[in-house]
Amino acid sequence: MAKINHHNFVDTINDILSEAKKRGVLQLEYEGSEWKGDTVLINDKEHVNFGTCGYMGLETHPKVIQESLDYTRRYGTQFSVSRTYLVSKENYKLEEYLSEIFLGKSVIAFTSTTMAHMSVIPIIVGHNDAIILDQQAHISMQTIAQQMAAKGVPIEMIRHSNLEMLEHKVKSLYDKHDKIWYVIDGVYSMYGDTAPIEDINALMAKYDKLHLYVDDAHGMSWYGKNGCGRIYEDCLKNEKTMYISTLAKGFGTMGGIAVFPEKSWYDKLILHGGPLAYSHPMPPPMLGAAIGAAKLHLSDEIYEIQNELKNKLSLANSILSQTDIPVLSNPETPIYFIGTGQPNVGYNFNKRLIDEGYYMNIGMFPAVPVKNTGLRFTITNHNTEEQIRSFCEAIIYHHPKALEEEGKTLNDVRKAFRLPLIEEEKVKEPILKETESDLTVQTFETIKDIDKKLWDSAFADKGNFDWEALELMERAFSGNDLPEENWKFHYILVTEGNELILATFFTSGLFKDDLLAQSDISKIVEDERKNNKYYLSSKTLSMGSLFTEGDHLFIQRQNIHWKNAIGLMIETVYNIEDKEQCNSIILRDFALDDEDINHVFHELGFFSIDMPNTNIVKSLPCSIERYYDNLSGKKRKHIRDDVFTYLPDIEVKFKSELSFNEIQDGYELYRNVSNVNFGINLYPYPEKIMKLMSESNQWEYICLYIDNKLVGIGCCYKSKNRYYPVLLGLNYDYNQKFKLYKQILFQAVSRAIELNKNEICMGLSADLEKRKFGAEQISKKAFVSVKDQYNMELLSNISVKMTFNG
């Protein structure tokens, strides 16, 4: 299966964002010659602005602008001196004002909030502390916290605002560490939900070592005394909260701030705050603007501005609450999120509103799961009540239109966000596009219900999953004692009249989530599984199976309806996912350069990842001698040294069936390999798989004996023109000396030639070794959809920690 590492994940995100940019929803150009906040000029057209985080509208307040101009005239455009050597008295003045805003606590101002995190976290987190990240904590904190792993600080992650999980983590870390830091946002940027600070305070009272690190950037100014923030006053109820906020959103200027619960932390940072010590201070124009905004916050005018915004939020909430529009956000905050589900609906909805003359943002992966795409917008004091009314009316009009145009219903969206479904009679059925009308979908749960000739006409010689092979697999992966050894099979056929347009099969079962991870990551996860067998495991719905290799999707692309057929397949797959309660879907084995498939699957809610190469020896000659002669001199030398040298000591037998004892011995050898093969990290196959293969004329065994002892086995599938070594078993006491793995690869090639096969499919991974036998590497990709990203983010964090640790 696919190999995801941190860099692969970054490439995946880049592909998704590039597609969004092509669709005109990201990196738009503001063409205006001035900024008033209420509108933006894009593509020569004014759009009402519902996409800024300047919630209070203070960036255009006359008093803020006047202070900025005054400081620019007096001090120029920069103060280019390190704070370690010289600090402007005006900088201290700003921090004194900020201290007053934050009710007497010591404050340091930074050029940005990220700079504040970079300076504060390495200073206050000790080498014997531990960090627990909230799943949705801002990426700036997560990235800097991960760097602490290089200092030996353990980094854990919990599901978003899951305090039961938090307490469990605290208990597990408590006796080993001096402080345990829980890292959160005060107000989260996508849904505007607030941290459960009262419950967190209760845990902090219960566990003395538990400390809180908060970034309340989105809570600043529009809430609280002096606009100190949404949760700040609650944080004062303990003396263990490191509070970070920003001047770059509601405050109306630029910069970040750190508010210290005790003076000793402030004293330590002010002298040796890392980037604070060696980077430039806030430039005079922004310093003046910040002082002007701080004066506003310390006046009664701030409460008038807060109330003005509150009334506008109430207006938007009252309009939207009278509809079935899925508003996912917290009505208390200026952040709104309207669910659309799949990306294609989100793109459609976004474009409709842009065309109507409104600017807002699309909430998309990786900020939210791919299938939880939506419209994210903000209400600010830049907006008039009339603009808010007209925008809400546009949302109410275009949301159902976008759903209809993309063949989705409101309940599809509600299912994606796990909301209660609305009454059926209120749901408008999707308007099927004209080209879909003659397509029929059939689903089956056993291959026995599908005509053998029909299935084999699509998949004969495409992999080890023709009709008979699947019938064997169904028996092998059912009725077993362990949950991971039982799979459900799901067959999908799409026809037009009597013509088969699409065919595929899926399996659902308990898979390891690190199935798609680097082997080094899997090794770390397996250490945890020694005490928790099903750690990072979840139900997954995969195209094909973990036992098959090949092209698992039959699609008649010459048929003009093929894309619609894929759409129907995905709709069926989503229904299976819900029924089987799977967390993720994997569509696999697609060509890297297939842009049509990439576009279709992305719009339907999937992101692409690279798979390991498939290794195939093509155009096999008529004899093993000619095969050997066709190899390069270097490869021939490899076979002479590592294969021929040891052949006199090895007895090779090709068997169509095994005895009871041989099955047991062969399975033990297979388990030897599966226990150390982290490159493709699967739960072991059930033992009866070997017995069933022994009963089938499609399978045979390559058996290696030394002194009459079975030391190596290859379980191979035979199709009409291809040979598939699928299962491998080795005795590692003999492997190094006699090169057993290479012996099996060579014997597989020899056997394929003897059986007059055209190709031998050597499977995934171990490219270097297979290349020595003439295998060609074919790159493939998979498409993934994940409901709950928590496990995927845990694996990504492990990858990041490995990167920082070298």
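The values are calculated or read from the model by the stated rules, or taken from the named source; none is laboratory data. Only a predicted model underlies this, so the values are computations on that prediction, with no experimental measurement involved. Methodologically, a virtual Cβ is constructed for each residue, glycine included, from the backbone with ideal geometry; neighbour enumeration extends over all protein chains shown. Protein only, heavy atoms only, side chains kept; ligands, DNA and RNA dropped before computing areas. Shrake-Rupley method; radii C 1.70, N 1.55, O 1.52, S 1.80 Å.
Quick check on L587: is it aliphatic (A, V, I, L, M) and at pLDDT 90 or above? Yes, satisfied.
L682 meets the conditions (1) crowded, with 18+ Cβ neighbours inside 10 Å; (2) in contact with a helix residue (DSSP H, G or I) (Cβ under 8 Å, 6 or more places away or on another chain); (3) closer than 24 Å to D527 by Cβ in every case but one. The failed one is (1). Pairs linking a residue in region 204-219 that is of a type in the set (K, R) to a residue that is open to solvent by 10 Å² or more (accessible area, probe 1.4 Å), with Cβ atoms under 8 Å and 6 or more positions apart or on different chains, are K209/Y174; K209/H177; K209/D178; K209/K179. Is it true that some residue in region 529-537 is of a type in the set (S, T, Y) and in contact with a Phe, Trp or Tyr (Cβ under 6 Å, 6 or more places away or on another chain)? Checking region 529-537: not a single residue is of a type in the set (S, T, Y) and in contact with a Phe, Trp or Tyr (Cβ under 6 Å, 6 or more places away or on another chain). Just one of the listed residues (E625, E695) is among the acidic types (D, E), within 44 Å of the chain's Cα centre (by Cα) and farther than 30 Å from S779 by Cβ, namely E695. Is there a residue being open to solvent by 40 Å² or more (accessible area, probe 1.4 Å), modelled with pLDDT of 95 or more and touching a His at 6+ places or on another chain (Cβ under 9 Å) anywhere in region 130-137? The answer is no; no qualifying residue exists. Here region 719-755 is the region considered, the condition is being of a type in the set (V, I, T) and within 19 Å of K772 (Cβ to Cβ), and the residue that is surrounded by the fewest Cβ atoms within 10 Å (Cβ to Cβ) is I753. Taking helices (runs of 4 or more DSSP H) as the structural unit, those lying wholly within region 687-794 and holding at least 1 residues that are without any contact (Cβ under 8 Å) to a residue 60 or more places away in the chain and in contact with a Gly (Cβ under 9 Å, 6 or more places away or on another chain) correspond to 688-694, 732-738, 740-754. Out of the residues in region 86-133 that are outside any helix (DSSP H, G or I) and free of Cβ contacts under 8 Å to residues at least 12 places away in the same chain, state the one that is farthest from the chain's Cα centre (by Cα). Only one residue fits best here, namely L86.
Annotation: K310 fulfils all but one of (1) open to solvent by less than 10 Å² (accessible area, probe 1.4 Å); (2) part of a helix (DSSP H, G or I); (3) more than 30 Å from D70 (Cα to Cα); the unmet one is (1). Against the test of being polar (S, T, N, Q) and either within 30 Å of E393 (Cβ to Cβ) or open to solvent by 80 Å² or more (accessible area, probe 1.4 Å) (or both), the options S82, S99, S33 yield a single qualifying residue, S33.
Total residues in region 163-178 satisfying the condition of being in a loop (DSSP other than H, G, I, E, B) and surrounded by 15 or more Cβ atoms within 10 Å (Cβ to Cβ): the figure is 1. Taking the options L276, L269, L247, name whichever one is open to solvent by less than 30 Å² (accessible area, probe 1.4 Å), closer than 19 Å to L103 by Cβ and in contact (Cβ under 8 Å) with a residue 24 or more places away in the chain. The unique qualifying residue is L247.
Per-residue answers, yes or no, for (1) in a loop (DSSP other than H, G, I, E, B); (2) at negative phi; (3) buried (at least 24 other Cβ atoms within 10 Å of the Cβ):
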{"site": "E198", "(1), (2), (3)": "no, yes, no"}
{"site": "A205", "(1), (2), (3)": "no, yes, no"}
{"site": "T253", "(1), (2), (3)": "yes, yes, yes"}
{"site": "H280", "(1), (2), (3)": "yes, yes, no"}
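From the set of residues in region 632-654 that are open to solvent by less than 70 Å² (accessible area, probe 1.4 Å) and among the acidic types (D, E), which is nearest to K739 (Cα to Cα)? Taking the candidates together, the pick is D642.
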